Amino acid sequence: MKVKITGLLLLCSVVMGMAQQKKWTLEECVYYAVENNLTVEQYELDLENAKIDESDALGALLPNLNGTLQASANTGLALDPTTNNLVSATIFSAQGDLTSSVTLFDGLRNYNRIERAKLSGIANQYRLDDIKDDIRLNVANAYLQVLSNKESLKVFEAQLAVTEQDLNRTKELVESGVVARGDLLELEATAAGQEQQIINSRSMILISRINLAQMLGITDYENFDIAEEEFEIPPSDILNNSAKVIFDKALTFRNDIKFALSGVELAEKDLEISKGAKYPSIGAFINYNTRYSDQNNDPFTGEAIPFKDQLYINDGISYGAQMSIPIFNGWSVRNSIKRSKISVDIARIEFERTKLQLETDVNQAYVDVTSFYKAYEAAQKTLEARSLAYQYSKERFDVGLMNSFDFSQAQSRVDNAEADVIRTKYDYIFRLKILEFYFGIPISLE
């Protein structure tokens, strides 16, 4: 038994260790965020409500059926429900009825409500998908931020390693009297500054990891981490298409556009429903009823008629139809139609505004991809130049032709250039993914 328990504990430890060591890829983060986001869950419930509304609208076309039962006792003068005669006695009576009614015509309002409920369900689905699109972009941005911070940390650690080598060499030169002790102090200050950069960089990694974990709904921040991968600039031919081409394609599939268009269709359907109130409504009904009284006696024998027999003797059926004609209702119908027309205009304006915003976003993304790539290329050229200048400074410093302050400044310029390369690289990757997303390309770093 002890052996089994020990084996089970070891298995649990291995499973927990594997869970703690899990490294999340971008695709896993995006999928998990969409599946576990609280806003998504909320809009999924709204979608369920829309389906229920459609069921309500369909049910309004069907006949209804309702029954009632009533029992009462009266003392003194009372009306016998079976004979409609007044009797002065203690009387116990009961009655029941079953009624069904159906709307035959109501200006097509019920039909339009069904159509509206269907449109509402579609609109809620578009809104849900649009929320998911936003989540994907936000998660991708947060993921790339973690990657950027991690690469920056690697650069800072490598820079510190080089500085420490220079420190060791400078200590030997100071001890041999080749360079002044001030040069050593300057390098020690540089090393201290780089150590501070490393501390700050680790803090930024932690903050960006927590931010990403919160987007995923993960609370175990300490054990959450992303995959240790290095990403280069992904190949893309998206710029072979003009901004106009990308915008035209985005119009065909973007969920925010579909949601705005469905808003126009919903408003137009509401207008049809409002107009339906101008027409007469026609309905039909049928009713079955029966009653019992303990004062109901057989006229020949004088004995009380049994309860079961009275239900058959005293039953009846009524049926008919009715028409309701709107004549004057304080302008409520007319004003309702006016409000619906205004709602249609508002929805159309919102649709055009959404299209205009999408066009603006696409053009901005297109410009961003071009400008951020140029910024990345410029940062690479700057780094290359700074690195060559640093190598030249290092050679001069090693032979005592440059003081430690100037050498430190050369190294600082290289540090800044390397940080700019990392920043501009991930800025460009994210803008590239945004533009591709507008073109219908799923988010991926491959």
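The values are calculated or read from the model by the stated rules, or taken from the named source; none is laboratory data. Bear in mind that the values here come from a model prediction, so they are computed numbers and not experimental data. Neighbour counts run over all protein chains shown; Cβ positions are idealised from the backbone, glycine included. Remember, those area values only see protein heavy atoms, side chains included, never the ligands or the DNA or RNA. Shrake-Rupley method; radii C 1.70, N 1.55, O 1.52, S 1.80 Å.
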- Query: How far, in degrees from 0 to 90, does helix 255-276 lean away from the longest principal axis of the Cα atoms of the chain, to the nearest 10?
  - Reply: 20 degrees
- Query: How fast does the chain diffuse by Stokes-Einstein, in µm²/s, taking the Kirkwood radius from C-alpha pairs at 37 °C and 0.692 mPa s?
  - Reply: 108 µm²/s
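Looking at the chain, which longest stretch skips every one of the trypsin sites (Lys or Arg not before Pro) that is in a DSSP loop with at most 16 other Cβ atoms within 10 Å, leaving the sites themselves out?
Working: sites that count: 22, 23, 278.
Counting at most 16 other Cβ atoms within 10 Å as exposed, the longest clean stretch of the chain is 24-277.
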- Message: For a 28 Å ceiling on Cα separation, which of these pairs sit above it: 22/150; 249/341; 132/425; 23/51; 258/338; 23/381?
- Response: 249/341; 23/51; 23/381
- Query: Cα extents of the range 214-327 along the three principal axes, largest first, in whole Å?
  - Reply: 106, 52, 21
- What residues from the range 122-154 fall in the zone where the backbone N is under 18 Å from a label point 7 Å along the Cα-to-C-beta line of residue 23? 143-154
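Using a 1.4 angstrom probe, figure out how much accessible area the chain has per residue, in square angstrom, rounded to the nearest whole.
Details: 26210 Å² over 446 residues.
Value returned for the chain: 59 Å² of accessible area per residue.
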- At the level of C-alpha centres, the distance separating the range 343-364 and the range 120-186, in angstrom, is 39 Å
- Note on the structure: Out of 62, 38, 77, a Gaussian network model of the chain with alpha-carbon springs under 10 Å gives the largest mean-square fluctuation to 77
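Leaving ligands, DNA and RNA out of it, report the carbon-plus-sulfur percent of the accessible area of the chain at a 1.4 Å probe.
Values: 14680 of 26210 Å².
Carbon and sulfur: 56 percent of the exposed surface of the chain.
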- Query: Which angle from 0 to 90°, rounded to the nearest 10, does the C-alpha axis of helix 243-253 make with the longest principal axis of the chain?
  - Reply: 30 degrees
- Pick out, from 317, 439, 67, the residue whose Cα sits farthest towards the positive end of the charge dipole of the chain, with +1 on the Cβ of Lys and Arg and -1 on the Cβ of Asp and Glu. 317
- Message: Can you work out the Karplus-derived ³J(HN,Hα) for every residue in the range 423-429? Use 6.51 cos²θ - 1.76 cosθ + 1.60 with θ = phi - 60°, whole Hz, and x for glycine or proline.
- Response: 4, 5, 5, 6, 4, 5, 4
- Alpha carbon convex hull of the range 337-446, projected area averaged over orientations, nm²: 10.7 nm²
- Against the longest principal axis of the chain, how steep is helix 332-398, in degrees 0 to 90 to the nearest 10, with axes from Cα atoms? 20 degrees
- Task: Return the whole-Å distance between the Cα centroid of the range 44-60 and the Cα centroid of the range 73-105.
- Result: 40 Å
- Message: If amide hydrogens are placed 1.01 Å from N in the peptide plane, which non-local residues have theirs closer than 5 Å to the one on residue 24?
- Response: 225, 226, 227
- When the chain is modelled as a GNM with alpha-carbon springs shorter than 10 Å, which of 88, 236, 203 fluctuates the most? 88
- Among 429, 313, 337: highest mean-square fluctuation, GNM of the chain, C-alpha pairs under 10 Å: 313
